[in-house]
Amino acid sequence: MTTFYFVRHGEPDYGSVGEWNEIPFGKEFAGLSEAGVAQITQSAKELKKYSPEIIISSPYTRTMHGATIMSRELNIPVFVEKDLHEWDSDRTHTIKDGEELFRLCKEFDAYNGIYPEGIEKNWESRELVRKRVMNVLEKYTVYERVVVSGHAIMIQTITGQYRAFEYGEIVEWVME
């Protein structure tokens, strides 16, 4: 049995990426704002009582920034896992128009993350998110207590808690 402590990344500093914010995937290079650093530092203090053994992180800058803060505070190693990445709103990675990306996000919400029968969409379904994230988590079941530095849709999909998560919020989930 492994307990995973999902930690949603802290508040991002999207202003730090400048003009990269306007290109597909550019905003993913943003680290944490000062508030985000404080949020994750507080999360790390709360995690100490659980004595986690390792941290696994999404490859996005905001989650890796948070993972390094937690690693320093908890004195445990970090492993970056590419398949812990953020939900993919555009699997073609070609849409540059912010309004179109927003439309895809709204469509995901309208369909509750489930493709209509017989129709595949540009966005990643909850089923696809679950499969890729579970494949990663399975690798870490040799540990008892694992911190996951990640994203809201990932946390929702794995834990079944379909709600908004605060920046730096810790969500405990047990894999039997």
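In the stretch 110-122, the condition of being closer than 22 Å to Val80 by Cβ and of a type in the set (Asp, Glu) is met by no residue.
Show me the helices (runs of 4 or more DSSP H) entirely contained within the stretch 70-176 in which 3 or more residues are surrounded by 11 or more Cβ atoms within 10 Å (Cβ to Cβ) and modelled with pLDDT of 95 or more. Break it down into steps so the answer makes sense when it comes.
Numbers: elements: 98-110, 126-139, 152-159.
Answer list for the stretch 70-176: 126-139, 152-159.
Screening the candidates Ile40, Ile56 for the property of being under 22 Å from Gly168 (Cα atoms), surrounded by 14 or more Cβ atoms within 10 Å (Cβ to Cβ), in contact with an Asp or Glu (Cβ under 7 Å, 6 or more places away or on another chain) and β-branched (Val, Ile, Thr) yields one hit, Ile56. Scan the stretch 3-62 for residues that are at pLDDT 95 or above and assigned to a helix (DSSP H, G or I) and the total you get is 17.
Across the stretch 63-110, the number of residues qualifying as without any contact (Cβ under 8 Å) to a residue 24 or more places away in the chain and closer than 18 Å to Glu124 by Cβ comes to 12.
The values are calculated or read from the model by the stated rules, or taken from the named source; none is laboratory data. Remember, it's a predicted structure, so these values are computed and weren't measured experimentally. Virtual Cβ from ideal backbone geometry, glycine too; neighbours counted across all protein chains shown.
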